[in-house]
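A short reminder: the numbers here are calculations on the coordinates, not readings from a lab. Given the structure is predicted, the values throughout are model-derived calculations rather than measurements. Neighbour counts run over all protein chains shown; Cβ positions are idealised from the backbone, glycine included.
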Amino acid sequence: MTALPDDVWAEILSNLKPADIVAAQLVSSRFATLARSNQLWRAKCFESTFGAITAGSAARRIQSVASWDQTARGEHIDWYSEYIARHAPLSTVWCESVQEIRGIAPHRDGQQAVGCLDDGSVAIWDISQHQTNARRTFRQLGQSIPGLLFAHASNSAAPAQPACFSGVVDCIALDSATEKAYFAVGQTLNELDLGTLQVISQTSYAWPITALSAQGDRHVPLSVGTAWSLHLYDPRASFRHCPRSPEDMKCEAPAKPEASIAFLANYTKAQPRGRMAPRPLLDSPLSDSLSQKMLVSRIELSDCAQIEPGPQAILHNGDHEILIAGRFPSIVSYDRRFFPRVQSVIHSGARLSCLASIPHPPKAAQGSVLAATATLIAGGEYNGRGSLELYSLPCQSQERKNTSGDQGTQQPATALATGGSELEHRSSSYSFRNRQQASTSKILSVATVGSRIVFSDAEGGIRWVERDGRTLARRWNINAYQVDHHTGSGTPAGDHVARKIMPIIDGDAVDSSRGTRGDGDILVFTGEKAGIITTKPEYQDHDELVRALEDNGSADGEQEEREQSDLYSRTMRLALERQADERRWMSRFRLKRGVF
């Protein structure tokens, strides 16, 4: 057997079932390497895909696998972990917290999670894997004092108002490099030190905060989105409320703290009659239509606008680009160096609620779209159904040389500065919109894990699709897999909805020698509780299962004994009460001896 070459053994293993291939890994180190080949498990993932064509010639099979695989050139994927993520049983580990969780975010290393509770306190949980292939659990490490996020700064000039959580999903942003966290509560942004669990600073905005940018690989400043504006957060500068004029919006090189504000456009079609007021001009392809005079001022639009334009999602692309999306029909792009001027606009037509990105261009756009380096993923609602959209993003820097000067400086290629060249470039880029098969309800959150795209909808469902945006890899519902340990039966747990899904990236196990792993856990936030969707088994071995059953059996016996004791106490109490009632009733007759 050892004399056979590896190619022959690879052909033999390809004809075995996945369970037999896994068993062959225990034969020797050579078989362990051959049985975990990326080419082998890539073919197994293809065979298990719905609608995959396994019959036919070898050339046709190779062509089918190549067209099905949506990974980019030079991208290495651990297909063995991908097969596990696609077929292993799923389960959810819920956080047992007394207080309702109003927001949560995982740490960059995947070892901890930070969240805010209903009483205004901040909690830190340990979600690390203490053993290899062990399930993650929530173990609380610390909690701040109640009402920490509701306390107003003592030097605030505005009168203190009762603070409360407004239901914003992206209300937490972590800065793992500096061990700081940012919490949005109403109109206040709290900067907190994770080491001491104390508020460092507070920044108040004119309108309620609707979204915060998530942490990324690059250390860039935080972006804060409110109901009517977008801000670049700078903890060194104090925010000052000041009126803005249309001329101020044309500033290309802001030098003042209040200049780093971008006011958002109002897309409401019907406005009540009133006085005419000028509207700030935006440097965007829609500036012609948006520069028309409105019937009310911007401050009063929040009282009568049917759709608030506040961003629901903020995404940082590279070092300079900021992408926002919300209940308005376009994805707006800003350049941080020329903020608040709009760089470009991607028209969608849907009401988007989430954004994500892949650091590789779409496979369908490779070779046809110049300077495409990433894929933008957007999810939302279009005509009552879920909308999953893919767009190719151009070069991250968007830089070109300025030939008009002798210095050779670099400038971003914006639409207005070049007479609409940027708009044409974005319009000719690759785009795909799945609005029929994605979901029957609104898509609430989207993320990437391994070689797939995962998103959640308003019905509690979670779906994994390929990077083409339409091929379904797996589906699941968080309400259908909560098992009662006493009865052993699984019943629907309720109407929980995954409002936010966040892949847990473990710094030690995110990559293997065969490529990027795809079986990572997913942190789920429902708006009231948090959980972890995992493929890890609940028990590691038979001994652990026996101990768990014995513990459950002893716990069931103790509970049954307590129930019998309580029943006996209630029965004896009822008997004594009835005896006392009979004695009191008989005492009314005052019977004496010798009467009968």
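Things to note:
- Here the stretch 6-82 is treated with +1 on each Lys and Arg Cβ and -1 on each Asp and Glu Cβ, and its dipole about the Cα centre works out to around 100 debye.
- Environment charge at residue 382 (Cβ cut-off 14 Å; Lys +1, Arg +1, Asp -1, Glu -1): +3
- Taking other Cβ atoms within 10 Å as a rough exposure proxy, 34, 264 sort from fewest to most as 34, 264.
- Computed with the Debye formula from one identical point scatterer per Cα of the stretch 84-128, without solvent, the log10 of I(q)/I(0) at q = 0.13, 0.22, 0.25 Å⁻¹ comes to -0.38, -0.82, -0.93.
- Ranked by how many other Cβ atoms sit within 10 Å of their own Cβ, fewest first, the residues 116, 95 fall in the order 95, 116.
- The fewest-to-most ranking of 22, 454 by surrounding Cβ atoms within 10 Å reads 22, 454.
- Rg/Rg_ref, the stretch 6-82, where Rg_ref = 2.2 N^0.38 Å and atoms are Cα: 1.12
- Based on C-alpha pairs under 8 angstrom that are at least 6 apart in sequence, the stretch 6-82 has a relative contact order of 28 percent.
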